[in-house]
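Written out below as structure tokens is the structure these notes cover.
The values are calculated or read from the model by the stated rules, or taken from the named source; none is laboratory data. This one's a predicted model, so the numbers in the text were calculated from it and none came from an experiment. Glycine also receives a Cβ, built like all others from the backbone with ideal geometry; neighbour counts cover every protein chain displayed. What goes into the accessible areas is simple: the full protein's heavy atoms, side chains included, and nothing from ligands, DNA or RNA. Shrake-Rupley method; radii C 1.70, N 1.55, O 1.52, S 1.80 Å.
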Amino acid sequence: MLLEILIGLLLLGGAAFVLLGSIGLARLPDFFMRLHGPTKATTLGVGALVLASLLHVGTEEGTGGLREVAVMLFLFITAPITAHLLAKAAQAEERRRTATQAGGTLPDGGKGTG
Amino acid sequence: MLTLTLPIAIGAVLLAMALNLWRMAIGPTRPDRILALDTLSINTIALVMLLDIALGSVVYLEAALILAAMGFVGTVALCKFILSGDIIE
Amino acid sequence: MSHVLPRPGLSLLILGLWLVLAPAPTTGQVLIGLALAVALPVLTRGFWPGRVRVRRPLAALRLLGVVLADIVTANLLVARQVLGPPERLRPGFFAVPLEIHDPFVATLLGSIVSLTPGTVSVDIDRERGALQVHALHIEDPAAAAAQIKSRYEAPLKEVFAC
């Protein structure tokens with residue numbers, strides 16, 4: 001009974017954070033601000049959902065739950081790397097845009113920025 | 001407890017995915033769209049985990065693992081493409 | 001020894017992960033896992049940075065606890081910021097001068113910064129030895145940089161003794 005309440009709370013909390021990350025992505029005004037939602041809130045939210053699944057499957061079928069732990073670890077390790085690469089890509093894109101606005105033409109003509 | 005919380009959680013995740021799609025459609029820059037796609041793939045993992053609980057099947061977990069790996073590699077490849085104009089240097 | 005198994009820890013991790021993901025730990029699966037555990041570290045040797053050791057496991061555990069607690073509190077803070085009016089946020093970049101020179105440990109610090117309070121690490125400037133960080137809401141860049149240094153960098157230096 002207690003476990004079921006815990007699973008329910010983890011489900012609600014996790015889903016709330018997942019939604020929060022996406023709300024941040026949708027409504028914040030600038031790319032670097034939008035980056036914050038998905039890297040932190042969504043990662044924690046999915047982490048909580050995986051934990052809920054681990055508790056649930058662990059009690060229902062008794063298969064341990066090492067695979068869930070693998071999914072969670074993978075997400076927590078990759079989230080900062082994705083954020084870092086996206087930030088670098090955004091900076092490169094911004095440099096490219098300011099360069100084309102300044103009058104200089106780039107090899108690719110600054111295509112596909114919008 | 002679960003019969004009440006599961007539908008709420010699934011609804012919240014679906015709403016989050018709709019928001020991701022919206023951001024992916026309006027952009028405005030390429031990194032924005034990649035970020036939206038990456039978030040969409042993570043949210044899909046969340047949805048798969050919820051289905052895993054709802055249907056009580058372990059099979060879904062493998063799908064979640066593959067989604068996680070593919071989403072990550074795809075995002076890295078797209079970022080590399082923007083950074084250098086080429087995926088394989 | 002060092003030529004056959006250049007990274008015993010990594011080999012163990014690969015074998016463990018393979019057995020976890022395999023449908024059932026049969027003899028064949030153990031053999032495939034062993035083959036991968038031996039082959040992958042050797043094949044990817046060129047990509048790995050210099051080796052670092054955890055010198056103080058207790059300090060590492062304490063840092064892990066601090067980071068996990070910070071991730072949860074950070075998210076509650078970010079939740080308020082995301083749901084509140086965006087006009088009130090003052091986003092900005094700031095630089096954290098690094099004392100860590102090992103690339104692996106610096107990457108670890110960058111990852112921690114990305115997962116904790118309102119900050120994402122954007123770039124590691126190797127020449128100046130500084131970490132470029134973007135914050136969702138920042139009032140005092142110097143204080144924020146000092147907090148990252150004392151809260152995460154100092155324990156990391158202690159853990160890896162570098």
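Some observations on this one:
- Boolean, C:ALA106 is on the phi < 0 side of the Ramachandran plot, among the small types (Gly, Ala, Ser), surrounded by fewer than 19 Cβ atoms within 10 Å (Cβ to Cβ) and assigned by TED's automatic domain parsing to the domain that holds C:GLU87: no
- Only one entry in C:ALA106, C:ALA69, C:ALA79 is in a helix (DSSP H, G or I) and facing another protein chain (nearest Cβ under 9 Å), namely C:ALA79.
- Condition met for B:LEU37 (under 21 Å from A:LYS40 (Cβ atoms), open to solvent by 60 Å² or more (accessible area, probe 1.4 Å), out of contact with any Gly (no Cβ under 6 Å at 6 or more places or on another chain) and more than 8 Å from chain A (Cβ to nearest Cβ)): yes
- Scanning segment C:114-131 for residues that are open to solvent by 50 Å² or more (accessible area, probe 1.4 Å) and in contact with an Asp or Glu (Cβ under 8 Å, 6 or more places away or on another chain) yields a single hit, C:PRO117.
- Those residues of segment C:87-102 which are under 15 Å from C:ILE138 (Cβ atoms) and either more than 10 Å from chain A (Cβ to nearest Cβ) or free of Cβ contacts under 8 Å to residues at least 24 places away in the same chain (or both), in sequence order: C:ARG88, C:ARG90, C:PHE94, C:ALA95, C:VAL96
- Selection count, segment A:11-28, where residues are open to solvent by 10 Å² or more (accessible area, probe 1.4 Å) and more than 9 Å from chain B (Cβ to nearest Cβ): 2
Every residue, every condition in (1) open to solvent by 10 Å² or more (accessible area, probe 1.4 Å); (2) more than 7 Å from chain B (Cβ to nearest Cβ), yes or no:
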{"site": "A:ASP30", "(1), (2)": "yes, yes"}
{"site": "A:HIS36", "(1), (2)": "no, yes"}
{"site": "A:ALA52", "(1), (2)": "no, no"}
{"site": "A:VAL57", "(1), (2)": "no, no"}
{"site": "A:VAL71", "(1), (2)": "no, no"}
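- Test: residue in segment B:18-32 that is small (Gly, Ala, Ser), free of Cβ contacts under 8 Å to residues at least 40 places away in the same chain and closer than 18 Å to A:THR78 by Cβ: no
- Against the conditions (1) open to solvent by 20 Å² or more (accessible area, probe 1.4 Å); (2) more than 7 Å from chain A (Cβ to nearest Cβ), B:GLY71 satisfies every one except (1).
- Unique residue being among the basic types (Lys, Arg) and within 21 Å of A:PRO38 (Cβ to Cβ) when the list is C:ARG56, C:ARG80, C:ARG151, C:ARG128: C:ARG80
- Number of positions in segment C:19-39 that are open to solvent by 50 Å² or more (accessible area, probe 1.4 Å) and either within 14 Å of another protein chain (Cβ to nearest Cβ) or under 28 Å from C:LEU156 (Cα atoms) (or both): 4
- For beta carbons closer than 6 Å, sequence separation of 6+ or different chains, a first residue in segment C:56-81 that is under 16 Å from C:SER111 (Cα atoms) and in the same structural domain as C:PRO155 (by TED's automatic domain parsing) and a second that is in a helix (DSSP H, G or I) and open to solvent by 50 Å² or more (accessible area, probe 1.4 Å), there are no qualifying pairs.
- So A:LEU85, is it modelled with pLDDT of 85 or more, assigned to a helix (DSSP H, G or I) and more than 8 Å from chain B (Cβ to nearest Cβ): no
- Per-region count, segment B:55-66, residues within 10 Å of chain A (Cβ to nearest Cβ) and either among the aromatic types (Phe, Trp, Tyr) or part of a helix (DSSP H, G or I) (or both): 5
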